[in-house]
Amino acid sequence: MQLVVARIGRAHGIKGEVTVEVRTDEPELRLGPGAVLATEPAGTGPLTIETGRVHSGRLLLRFEGVRDRTGAEALRNTLLIAEVDPEELPEDPEEFYDHQLIDLDVVLADGTEIGRITEISHLPSQDLFIVERPDGTEVMIPFVEEIVTEIDLEEQRAVISPPPGLIDESEAVIVSTRDASTRDEDGAGKGAE
């Protein structure tokens, strides 16, 4: 099975290095020197990683045969794809590959069906489950410990404990920051010194 592990960004310097947007929790395993990666578009690869280093918080890679800035710029926006055994699991038991989560049933702790995970959206701050409801609508559920309380791969389900309003907008609690009953004559909140 193939997994996208990174996207090549801009060239860095003049010796063929590129920045990469990492899309794997295991960059040291997937993006180490000697790794041979398929590419999208396919005509760009396969690419073999020659060196890798971190500079100012970003991963920089150099590929065999790419020796200058022009060659590095030609790779921009190329997706790097690793071949992964479908039975392989991440080292951390609290981590999951996208293919393990797609198609899991999403239920509340009491067993109430919410829907089925159809997509995982990777955002800078957190990942989101895109869940298709039985009526065909979609709901986005943050993949955070406070909301997704259990992933059971054997039972093929994700158990959630959503805050009010996440699943049903009519349950949303609106909190006003301008509650007059907690203000005194000076405009300070109760308990203010």
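Details
- Every residue from the range 20-32 that is out of contact with any strand residue (DSSP E or B) (no Cβ under 7 Å at 6 or more places or on another chain), in a loop (DSSP other than H, G, I, E, B) and open to solvent by 70 Å² or more (accessible area, probe 1.4 Å): Asp25
- Within the range 54-80, considering residues that are out of contact with any Ser or Thr (no Cβ under 6 Å at 6 or more places or on another chain) and at pLDDT below 90, the one least open to solvent (accessible area, probe 1.4 Å): Leu59
- Counting only residues that are surrounded by 14 or more Cβ atoms within 10 Å (Cβ to Cβ) and within 21 Å of the chain's Cα centre (by Cα), the range 126-135 holds 6 of them.
Let's see how each residue does on (1) modelled with pLDDT of 70 or more; (2) surrounded by fewer than 12 Cβ atoms within 10 Å (Cβ to Cβ):
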site: Arg116; (1), (2): yes, no
site: Glu119; (1), (2): yes, no
site: Pro124; (1), (2): yes, yes
site: Val139; (1), (2): yes, no
site: Pro142; (1), (2): yes, no
site: Pro162; (1), (2): yes, no
site: Val175; (1), (2): no, yes
site: Asp179; (1), (2): no, yes
site: Lys190; (1), (2): no, yes
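- Among residues of the range 12-33 that are touching a residue at least 60 places away in the same chain (Cβ under 8 Å) and closer than 14 Å to Arg76 by Cα, those with a beta-carbon under 9 Å from a residue that is open to solvent by less than 30 Å² (accessible area, probe 1.4 Å) and part of a loop (DSSP other than H, G, I, E, B) at least six positions away or on a different chain give the pairs Val20/Leu31.
- Conditions (1) over 30 Å from Gly16 (Cβ atoms); (2) part of a strand (DSSP E or B); (3) touching a residue at least 60 places away in the same chain (Cβ under 8 Å): number failed by Ala158: (3)
- Residue in the range 2-23 that is in contact with a helix residue (DSSP H, G or I) (Cβ under 6 Å, 6 or more places away or on another chain) and within 30 Å of Gln156 (Cα to Cα) present: yes
- Selection of the range 1-30 for residues being out of contact with any His (no Cβ under 7 Å at 6 or more places or on another chain), over 20 Å from Pro124 (Cα atoms) and of a type in the set (A, V, I, L, M) yields Ala11, Ile14, Leu29.
The values are calculated or read from the model by the stated rules, or taken from the named source; none is laboratory data. All values reported here derive from a predicted model rather than from experimental measurement. Neighbour counts are summed over all protein chains in view; Cβ atoms, including those assigned to glycine, are modelled from backbone coordinates with ideal geometry. Quick note on the areas: whole protein, heavy atoms, side chains included, nothing else; ligands and nucleic acids left out. Shrake-Rupley method; radii C 1.70, N 1.55, O 1.52, S 1.80 Å.
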